[in-house]
1. With a ≥ b ≥ c taken as the square roots of the eigenvalues of the C-alpha gyration tensor of the range 24-100, please select rounded if a/c is under 1.5 and otherwise prolate if a/b is larger than b/c or oblate if it is not?
2. For Ala81 and Lys57, FRET efficiency with R0 = 41 Å and r from the beta-carbon atoms, rounded to 0.05?
3. Please report the relative contact order for the range 18-99, taking Cα pairs under 8 Å with a sequence separation of at least 6, and give it as a percent rounded to a whole number.
Amino acid sequence: MDSTHYQTLLCMKLSLDWTEMLKAFIFGTFNPAVGIGAVLVYIIFTDPNNSLSTGDKVLTAICFLAFECFMILILFLLAVAQWYNYLRLWREWIAKQRIV
């Protein structure tokens, strides 16, 4: 086998697998959100110096969780964009190597 065959195999291995990325997003988002959210809800509802009503406490907890999930989503999308950019540059480099 020549080196171009190995490069093609490597490029195929590095291609985006959207189902795996979706699984990583689901586990990566909701696992920390549940853990940190549970701590936040516990702190909000058990703080004796907190003068908020129950409805305000629930709204505050929901806002914290929504913000956390939103930030994790942004980080995930940035990671996907960076990976896609890396793959594009890798394919361009391989195409250049074939020309030379």
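Readers should treat all values here as calculations from the given coordinates under stated rules, not as data from a laboratory. Just so we're clear, the structure is a prediction, and the values are computed from it rather than from any experiment. Ideal geometry is used to build each Cβ from the backbone, glycine not excepted, and the neighbour counts take in all protein chains shown.
1. prolate
2. 0.65
3. Result for the range 18-99 is 37 percent.
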